Amino acid sequence: MNRIDYVKNLLDKDVAVCKHTTDIYDLRKIIAFLKSENNVIYSENCECGLSNRKHKSYVKDWAI
Ligand SMILES: [Zn+2]
């Protein structure tokens, strides 16, 4: 499974993803790509605790 499918799969399962929980450091680009494919994705401040730096997590929005 490629990284885009991997991320999409997690989002479809209502899992919030961030670069630390996925180990994908260019996650932002993947999210941008998925948004361009008509997926509605919210970003919020991530609280995974895996990094002290502020970063975003992404979650799918089902309400259309
Ligand atoms: Zn995080």
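The values are calculated or read from the model by the stated rules, or taken from the named source; none is laboratory data. On a predicted model such as this, the values are computed, not experimentally measured, just so you know. FYI the Cβ positions are ideal-geometry reconstructions off the backbone, even for glycines, and counts take in every protein chain you see.
Pairs are defined by a Cβ separation below 7 Å, a sequence spacing of at least 6 or placement on different chains, a first member in the stretch 1-22 that is hydroxyl-bearing (S, T, Y), and a second member that is outside any helix (DSSP H, G or I) and exposed (fewer than 15 other Cβ atoms within 10 Å of the Cβ); the pairs so defined are T21/C48; T21/L50.
Residue under question is I24, and the condition is that it be within 13 Å of the ligand (Cβ to nearest atom), in contact with a Lys or Arg (Cβ under 7 Å, 6 or more places away or on another chain) and modelled with pLDDT of 95 or more; does it hold? For I24, the condition - within 13 Å of the ligand (Cβ to nearest atom), in contact with a Lys or Arg (Cβ under 7 Å, 6 or more places away or on another chain) and modelled with pLDDT of 95 or more - is met. When R53 is tested against (1) free of Cβ contacts under 8 Å to residues at least 40 places away in the same chain; (2) touching a strand residue (DSSP E or B) at 6+ places or on another chain (Cβ under 8 Å), just one condition goes unmet, and that condition is (2). Filtering L27, L11 for residues that are within 8 Å of the chain's Cα centre (by Cα) and within 15 Å of S51 (Cβ to Cβ) leaves a single hit, L27.
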